[in-house]
Amino acid sequence: MRNVTETVKQLIIINILFFVGTLVIGDPAYKMLSMYFPENPNFQVWQPISHMFMHGGFMHIFFNMFALYSFGSALESIWGSKKFLFFYISCGLGAALLHTGINYYYYQDGINTLMGQGFSKTEILAVLNGKGNDQIVPILNSPGFQNFVSAYFGTVVGASGAIYGVIVAFAFMFPNAELALMFIPVPIKAKYFVPGLVLVDLYLGVSGKSIFGGGGGIAHFAHVGGALFGFIIMWYWKKNQFNSNRWN
């Protein structure tokens, strides 16, 4: 079993402390540290960072931290701590950026549609925040506005975006490494498994489906965003031959 590297160990400890803290404090912690849509009054400037250390349940944090240990330690042992931490945080922010960008599309589309029906933006936001025009409420509750309402009220928690970036980097560095997964009996090379995983998330994000049925409540575009930023950073570093010595 691979020894855990120092930065990976510290990240795991911080995530566990956040998780235990939220179990103790409860909803106020999630309200303060989860990432809200920027137009939502609950949004705070620290949430794009703090949400990376929040998790929605034991299995959520277990799988993320197991992946961080399994793939992150290999990368940090080659790159060093500074380069790895920069990469990890950058992928987490990239995940938040793409997720928020998609939500802005849904949000703006809903605003424009409602304004086309004669409602003002002030009226729309007032209803979203529990005040005002009863005529808009049935419209917002219709299936056509599900993405709009979810974009405004939805929150994001978890290190998954950063983890997807780490997994992409692992496939870049060790493309022929065979990954043995609990739910797939045959080992799969990283260069095949990782693109397949990202494509599944992209499909689920676009379709709004879940592997287990229903919407699932998973921020698939955050996963894709982390993977995309991880790919871009790795491509840039490879093109410019960035090495660990520059970060020491």
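The values are calculated or read from the model by the stated rules, or taken from the named source; none is laboratory data. The model shown is predicted, which means the values in this text are computed figures rather than measured ones. A quick note on method: Cβ atoms are made from the backbone with ideal geometry, for glycine too, and the neighbour counts reach across all protein chains shown. Areas reflect the complete protein model, heavy atoms only, side chains present, ligands, DNA and RNA absent. Shrake-Rupley method; radii C 1.70, N 1.55, O 1.52, S 1.80 Å.
Just grab the label-to-label distance for Ala126 and Phe62, each label 7 Å out from Cα along the Cβ direction, in nm (one decimal).
In this crude spin-label approximation the distance works out to 4.9 nm.
Of Lys9/Lys239; Lys31/Lys83; Lys31/Lys82; Lys83/Lys239; Lys82/Lys239, which sit over 28 Å apart, Cα to Cα?
Lys9/Lys239; Lys31/Lys83; Lys31/Lys82
For the chain, rounded, prolate or oblate, judged on the Cα gyration tensor with a ≥ b ≥ c (square roots of eigenvalues), a/c < 1.5 rounded, else prolate if a/b > b/c?
Prolate.
Accessible area per residue, 1.4 Å probe, Å², for the chain: what's the number?
For the chain, the solvent-accessible area averages 54 Å² per residue.
Please list, by residue number, every one of the chymotrypsin sites (Phe, Trp or Tyr not before Pro) in segment 146-203 that is coil in DSSP and has at most 13 other beta-carbon atoms within 10 Å.
Phe183
Express in nm, to one decimal, how much length is gained between Asn42 and Ser81 on full extension, taking 0.36 nm for each residue of separation and deducting their alpha carbon distance. List each step's numbers first, then the result.
On the way: separation 39, 0.36 × 39 = 14.04 nm, distance 3.35 nm.
Taking 0.36 nm per residue and subtracting the Cα distance, the gain is 10.7 nm.
If we count trypsin sites (Lys or Arg not before Pro) as exposed when they sit in a DSSP loop and have at most 12 other beta carbons within 10 Å, what is the longest stretch of the chain that avoids them all?
After excluding every exposed loop site, the longest remaining stretch is 3-130.
Is the shape of segment 1-72 best called rounded, prolate or oblate, per the rule: a/c under 1.5 gives rounded, else a/b larger than b/c gives prolate, else oblate, with a ≥ b ≥ c the square roots of the Cα gyration tensor eigenvalues?
The shape class here is prolate.
Do the sum for the chain: with -39,500 (n - 2.57) for every DSSP H run of n ≥ 4, divided by all residues, what is the mean residue ellipticity at 222 nm, to the nearest 500 deg cm²/dmol?
Dividing the helical sum by the residues of the chain leaves -20500 deg cm²/dmol.
In whole percent, and with a 1.4 Å probe on the protein chains, what portion of the accessible area of the chain is carbon and sulfur? List each step's numbers first, then the result.
On the way: 8780 of 13420 Å².
Carbon and sulfur together cover 65 percent of it.
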